[in-house]
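All of the numbers you see were taken from the coordinates with simple rules; none came from a lab. Owing to the predicted nature of the structure, the values given are computational and were not obtained by experimental measurement. Using ideal geometry, Cβ is built from the backbone for each residue, glycine included, and neighbour counts are taken over all protein chains shown.
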Amino acid sequence: MLIFIKKIKKRRNFDLIMKKRNLKGSVVLNPVPAVLVTCKNSEGKDNVFTVAWVGTICSRPPMLSISIRPERLSYDYIKETMEFTINLPSKKQTKVVDFCGVRSGRQIDKIKECAFTLHDGLKVKSSYIEECPINIECKVKDIIKLGSHDMFIAEVLTSHINEDLFDEKDKIHFEKADLISYSHGEYFALSKDAIGKFGYSVAKKKKKINKKIKSKK
């Protein structure tokens, strides 16, 4: 461990230590996912809207949260049915992601405008968007009133993932989905190049075995 710390200290010479500014009362946790959330009201009407305040909150049981402004139409829809589906869009869908975040379902049918293909959910009544590579069906367990947004805490019931994201060992390659993120009013494509993997900082290096190949005379 001491050797590891010494190595880090040596590397610090390459890092510029910048002067910092204080931003009081500002959320600067970036980037965050930019997702499309589909929902249905008690009468069976579908709607879709964009959410950036979303995150994983528990592994067992699998749970996540989304935060929604009470004035949003989908706020009422989800509160009525206590269900929603998160659809992870690819970078080629960035324009419709933005559109669904700035237009209200009270004025237009966003699903029709964006030409989304809806598929019936497996565990929930809300539909999922077939064009999105990953879909997550959720059941709301609690709603926490916060301020500008209310947090909807939900359990993940099932997910749908495009087959071409799996390899022959059934490992999911999320980098192939071309997912996007949102940061301070802008959308960004995620890099396909991994810069590390879980546990690599403490993993033991594999010893290289030099094999001497004798030449045939």
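Okay, here's what the table says:
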quantity	calculated
Directionally averaged shadow of region 30-189, computed from the convex hull of its alpha-carbon atoms, nm²	9.4
Filtered chymotrypsin sites (Phe, Trp or Tyr not before Pro), region 37-87: DSSP coil and at most 16 other beta carbons within 10 Å	none
Relative contact order (%) - criterion: Cα under 8 Å, at least six apart; region: the chain	20
Exceeding the 19 Å Cα-Cα cut-off - candidates Lys91/Lys171; Lys171/Lys197; Lys40/Lys112; Lys95/Lys145; Lys45/Lys112; Lys45/Lys79	Lys91/Lys171; Lys95/Lys145
Cα centre as origin, Lys/Arg/Asp/Glu Cβ charges: the chain dipole, Debye	2940
Region 154-207: C-alpha pair distances exceeding 12 Å, %	78
Segments 154-163, 119-128, 189-198, 18-27 sorted - mean Cβ within 10 Å per residue, highest first	119-128, 154-163, 189-198, 18-27
Sparsely packed GluC sites (Glu not before Pro) within region 46-149, loop by DSSP, other Cβ within 10 Å at most 13	Glu71
222 nm mean residue ellipticity, helices alone, for the chain (DSSP H n ≥ 4; -39,500 (n - 2.57); rounded to 500)	-4000 deg cm²/dmol
Quotient of C-alpha Rg and 2.2 N^0.38 Å, computed over region 29-118	1.07
Selection of chymotrypsin sites (Phe, Trp or Tyr not before Pro), region 137-185, meeting DSSP coil and at most 12 other Cβ within 10 Å	none
